[in-house]
Amino acid sequence: MHFIKEEKNQIVYYTVPEISEAGFYNIFTTKFHGHSFEDGQLNFGTNCNDSESAILENYKDVLSLMKLTPKDAVKSKQTHSDITIFADSSYGGEGILKEQRFQEADGLITNEKNLAILIFFADCVPVLIADKKKKIIAAIHSGWKGTYKNIVGKAVCQLITDFHCNPEDLLCAIGPCISVCHFEVSEELFSDMTALYGEDIGKIEDGKYYLDLKKTVKKQLLQHNIQSSQIVISDQCTVCNSDLYSYRREGEKAGRMAAFIAIKE
Ligand SMILES: [Zn+2]
């Protein structure tokens, strides 16, 4: 599997063609192009001085690529938890047109056609999963806290246990996020994470400690009998690539990208 960069209706996004061909829309947005800020960016963050109406227009534009509208999409409620919940069609519009009924969920699962699920991110790891046979999808926000708590591994457990997914049918996309080149952490976090997930998820350079969250998430997937060939990792770093929002680079006012997945008709 591989990521490609596409542009449709002026929206620039990353997508995995193999997941599309298996029957799933999958979109990792960039800053371009939308209705936000002075220069028409594609922001989905609600705490960065953007207007609600601009964000809604951004949703409309991206969802139209999936032949959907904002009432056909549900947004996570991210608290850096390890919680993933199931959403059916009655959740449509939650987090976009109205408040979510749930208190927290960094991951969403659905098997509904015509319902896009999405998470938002800027440096954190966005993960989209699709069961190509059962047509069940998941969108997961895995920041370092979520990665530490193994939210992705736990979501895969839910897919296997609650939805009877076969690991060999799962296609997994680990999207653009802060990469090992820029994810400097404290020695303490470095020790904790490498103790849990292995020395090879970190590197020490000039006395500084760096973690590789993408590799960590991949390991969490591999632990559930998902093969490397079913996992694709974006080579984009949100700090290196200024076409992407980055909390580390831009600070608190950074916008947010969104990762969408939906089952095609
Ligand atoms: Zn970087």
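Quick notes on this structure:
- Table column - 3J(HN,Hα) (Hz), segment 202-210, Karplus curve with 6.51, -1.76, 1.60, x for Gly and Pro: x, 9, 10, 9, 6, x, 9, 10, 10
- Legend: residue pairs K77/K98; K8/K60; K218/K264; K31/K75; K60/K145, Cα-Cα distance threshold 22 Å; pairs beyond threshold, K218/K264; K60/K145.
- Candidate cross-link partners of K134 among the aspartates and glutamates, defined by an alpha-carbon separation under 19 Å and a same-chain spacing of 8 or more, comprise E18, E21, D88, E112, D162, E168, D169, E265.
- Convex hull of alpha carbon positions in the chain: directionally averaged projected area 12.9 nm².
- Candidates M1, I109, Q236 compared by Cα position along the dipole of the chain: farthest toward the positive end lies I109, with charges placed on Cβ.
- For segment 84-150, convex hull of alpha carbons as volume per residue, Å³: 94
- In the chain, the DSSP-assigned H stretches of four residues or longer account for a calculated mean residue ellipticity at 222 nm of -6000 deg cm²/dmol, using -39500 (n - 2.57) per stretch and the full residue count as denominator.
- The base-10 log of I(q)/I(0) for segment 162-265, evaluated at q = 0.21, 0.24 Å⁻¹, reads -1.18, -1.28 [Debye formula, identical scatterers on Cα atoms, solvent excluded].
- Remark: segment 100-237 carries a charge dipole of roughly 680 debye about the Cα centre, counting +1 on each Lys and Arg Cβ and -1 on each Asp and Glu Cβ.
- Base-10 log of normalised Debye intensity for segment 49-203 (one unit scatterer per alpha-carbon) at q = 0.09, 0.14, 0.15 Å⁻¹: -0.32, -0.74, -0.84
- Residue-by-residue Karplus 3J(HN,Hα) for segment 120-135, coefficients 6.51, -1.76, 1.60, Hz, glycine and proline x: 10, 7, 7, 4, 5, 8, x, 10, 10, 10, 9, 8, 5, 8, 7, 6
- Residue list for segment 230-253, given a label point 7 angstrom along the Cα-to-Cβ vector of F37 and an amide N cut-off under 20 Å: 236-253
- Fewest-first ordering of S228, S246, S81 by other beta carbons within 10 Å of each residue's beta carbon gives S228, S81, S246.
- Paramagnetic reach from D243 in segment 33-51 [backbone N under 16 Å; point 7 Å along Cα→Cβ]: 33-34, 41-43
- Solution diffusion estimate, µm²/s, Stokes-Einstein, segment 126-165, Kirkwood Rh from C-alpha pairs, 10 °C, viscosity 1.306 mPa s: 152
- Share antiparallel - DSSP beta bridges, the chain, percent rounded to 5: 75
- For the listed peptides 147-156, 248-257, 183-192, a ranking on the average number of other beta carbons within 10 Å per residue, highest first, reads 147-156, 248-257, 183-192.
- Here is the size of segment 1-118 from its Cα atoms: Rg then Dmax, 14.3, 38 Å.
- Test item: Cα-centred dipole of the chain, Lys/Arg +1 and Asp/Glu -1 on Cβ, debye: 580
Each reported figure results from applying straightforward, stated rules to the coordinates on display, with no laboratory input. Everything quoted here is computed from the prediction, not taken from an experiment. All Cβ positions, even for glycine, are placed from backbone atoms using ideal geometry, and neighbour counts span all protein chains on display.
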